[in-house]
Every structure is written in structure tokens, then in C-alpha cells.
Ligand code: FES
């Protein structure tokens with residue numbers, strides 16, 4: 001384990017801080033990448049705890065702040081957290097479903113100094129949107145809310161998680177984004193972690209669907225002449241042969257804090273069989289520089305073959321530790337997306353299995369009184 005003094009010289013500070021303020025959520029999307037076990041809402045950090053995390057992170061050099069969940073609007077102290085972040089000099093981004101974001105709350109967040117809002121949609125078609133979200137009138141609420149976000153002068157990102165259920169609607173999704181005057185639009189295929197992995201076969205579009213949608217996005221982009229939203233299309237890495245540089249490297253620039261205070265190098269790390277430092281017990285500086293968790297896959301020395309001798313390791317860091325664990329059983333293995341991995345066949349067969357799946361019924365969950373209730377939905 002590196003000593004604090006030397007570690008600070010050789011390790012970058014965390015630039016990107018993500019606070020997952022709560023896992024509570026009014027929606028029950030089948031592509032949710034949050035853990036299968038959402039823990040006990042009674043264990044959420046207090047306002048004071050979150051403010052302390054902000055102070056410690058900013059003192060270490062963090063500049064970008066994401067406030068997410070679950071649905072962060074369910075925290076009544078959101079405005080207090082935003083105001084503190086603003087006072088400390090963070091650039092703040094609220095990542096929300098939009099459900100519960102009233103005009104009054106938008107004004108309060110603006111007054112508190114919020115910089116930026118990302119609103120998720122599930123589809124451009126109201127019925128499909130509401131079926132995926134598991135909430136009636138969710139589309140109508142989001143559409144109205146998105147208009148108010150712009151009316152309050154916020155830069156706005158719209159986020160559509162793309163799956164089999166909406167990929168053939170992508171032209172309508174882009175038209176909706178244009179009409180709502182979004183600044184950026186993320187059209188990102190689901191990431192198969194946490195709950196989403198349960199639904200991978202039902203969610204993952206085929207390669208042909210992905211290629212068609214990508215061409216549609218490119219055609220719109222080419223016709224825009226720099227006018228209108230900037231569309232960003234993210235394909236599933238299951239169709240790649242080289243892994244993504246997940247989190248820009250473990251413990252490199254990104255630090256996430258779960259609702260119960262566990263500090264992690266990515267928001268999915270909770271599934272790793274490791275012990276997690278908690279901001280209730282340790283300060284962020286010692287967690288970042290000295291904890292076993294953050295040093296476990298930092299840099300390159302931990303890598304086994306084929307990553308160790310790979311001339312691309314500084315570009316992709318061996319891919320995603322969480323995906324390696326989920327699909328190969330060992331987080332230290334090369335991400336099986338890489339075709340140099342002896343486990344790459346698992347990615348290929350998962351994509352084949354998803355392509356063969358004609359069952360559109362996904363498994364959704366809602367949490368009531370700390371109990372997970374599951375239901376199937378078309
Ligand atoms: Fe955890 Fe990629 S999501 S390292």
C-alpha cells in the first residue's frame with residue numbers, strides 16, 4: 001500500500017465526484033445499473049455527512065460534481081448540498097428523472113447555484129416511455145419539466161437509455177430532443193451492470209439494430225450544420241473487440257460515494273468482493289490515496305496477462321473491472337470485451353443470446369418498505 005506522502009506525488013487527485021444521494025426512485029426502469037441490493041434507505045448519509053464529503057473532495061482538487069441516485073430530488077436537502085457545492089467552486093450537474101422537479105424547486109436550485117441538468121427519458125412515444133419507466137404519465141411530466149429547465153436558463157442534457165424497446169424509435173427521439181431544445185443528447189445503449197444485467201437478453205439490441213440507429217444519428221448530425229442538439233450515440237461494448245477505458249482507469253480521476261457512504265472508484269464497484277471504505281469512518285483523502293480498494297487496480301502493476309504485456313494497456317487500462325468480474329468471475333481479468341481475452345467468447349455468446357431473445361418481458365423492481373418487489377413488464 002503506498003504511503004500517503006509518496007502516493008500524493010504519484011497519484012492524480014479525483015477530478016470527478018459523483019454523489020449517489022439515494023437509491024430511492026419513483027421509477028422502476030429495467031435497465032437500472034444500480035446494485036441489485038439497494039440497501040436500507042435509513043442508512044443514507046445525513047446532510048452534514050454529504051457537506052463534509054464535498055469539502056474534503058474540493059480540498060483534494062475535485063471540480064466536477066454529479067448529483068445522482070436513484071432520484072436525487074427525493075433528498076429534501078438537495079438545495080443545501082447544491083449551495084455548498086457552489087460555494088466551494090464545484091461545477092454542479094443534477095442527474096434526474098425529472099419526476100418531482102417542480103417549477104418552485106427548479107427556481108430554488110437555480111438560486112442555490114446549480115449549473116447544469118440532465119434529464120432522462122425512456123422514449124419519444126408516451127406509452128413506451130411510461131411502460132419502461134413503470135409510471136403512468138411519466139412522459140408528460142418529463143416533457144413539461146424539460147421545457148421548464150430551459151425556461152430557467154439551464155444547459156440541458158437529455159439522456160435516453162437505448163434498448164430493443166426504443167431503438168427503432170430513434171428518429172422520433174431525436175425530433176423530440178430538437179423540439180425540447182436540448183443542448184446535448186446522450187443516446188447510450190444500456191450498460192449491463194446491477195439490475196440491468198438481469199434483463200440483458202431482453203434489452204440488448206441486435207448489431208443490425210445498432211448499426212441502423214447509428215447511421216440514422218449520423219445522418220441527422222450531418223444535416224444539422226451545427227444547429228440544434230449535439231447527439232452522442234454510444235454503442236454497447238458487447239459489439240466491440242477492444243474494451244472501454246472504464247472510469248479513465250481505476251482510482252484515476254473518478255470517485256463515487258454511495259448513499260450509505262461507501263466510497264468507490266466507480267458506481268458499480270459495490271459488487272466486487274472487497275471491503276469498502278466509508279466516508280463516515282475515514283476522510284476522503286486517506287480513502288483515495290491509501291485504501292486497499294482504490295489501490296487494488298490502480299495503474300498497471302496489478303495486471304495479469306494478456307493486459308500486462310499489451311501495448312494498448314495505457315489506452316484502455318484493461319477495460320472494466322466490474323464487467324470482468326461479472327462475466328469471468330475475477331475482476332483482475334482482462335475485460336472480456338477484448339478479443340485478446342480468453343473469455344471473449346462469453347461476450348460473443350451473450351450478444352447471440354440477446355439477439356435470439358424474442359421475449360420482450362423485462363423484470364422491473366420497485367422498493368417498498370425496504371422490500372424489493374419484482375414484476376414483469378412488456
Ligand atoms: Fe466499475 Fe467499469 S463499471 S470499473
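The values are calculated or read from the model by the stated rules, or taken from the named source; none is laboratory data. This structure is a prediction, so every number in the text was calculated from the model and none was measured. Cβ atoms come from the backbone with ideal geometry, glycine included; neighbour counts cover every protein chain shown.
Could you name every one of the helices (runs of 4 or more DSSP H) located completely within segment 143-240 that has at least 1 residues being over 24 Å from residue 130 (Cβ atoms) and modelled with pLDDT of 95 or more?
207-223
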Practice item. Please find, among 340, 296, the residue that is more than 13 Å from the ligand (Cβ to nearest atom) and either at pLDDT below 95 or surrounded by fewer than 20 Cβ atoms within 10 Å (Cβ to Cβ) (or both). Key: 340
Practice item. Return the residue satisfying two criteria in turn: it lies in segment 249-269 and is under 14 Å from the mean Cα position of the chain (by Cα) and outside any strand (DSSP E or B), and of such residues it is farthest from the ligand (Cβ to nearest atom). Key: 258
Study note, to complete from the structure: Conditions (1) in contact with a strand residue (DSSP E or B) (Cβ under 7 Å, 6 or more places away or on another chain); (2) modelled with pLDDT of 95 or more -> residue 44 fails only (1)
Practice item. For segment 299-315, state whether one or more residues are touching a residue at least 40 places away in the same chain (Cβ under 8 Å) and in contact with a helix residue (DSSP H, G or I) (Cβ under 7 Å, 6 or more places away or on another chain). Key: no
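Yes or no, residue by residue, for (1) buried (at least 22 other Cβ atoms within 10 Å of the Cβ); (2) away from the ligand (no atom under 16 Å from the Cβ); (3) within 15 Å of the chain's Cα centre (by Cα); (4) free of Cβ contacts under 8 Å to residues at least 24 places away in the same chain:
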site: 189; (1), (2), (3), (4): yes, no, yes, no
site: 194; (1), (2), (3), (4): no, no, yes, no
site: 198; (1), (2), (3), (4): no, yes, no, no
site: 205; (1), (2), (3), (4): yes, yes, no, no
site: 209; (1), (2), (3), (4): no, yes, no, no
site: 214; (1), (2), (3), (4): no, yes, no, yes
site: 228; (1), (2), (3), (4): no, yes, no, no
site: 242; (1), (2), (3), (4): no, no, no, no
site: 245; (1), (2), (3), (4): no, no, yes, no
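Given segment 277-329, what helices (runs of 4 or more DSSP H) lie entirely inside it while holding 1 or more residues that are over 29 Å from residue 350 (Cβ atoms)?
284-290, 292-296
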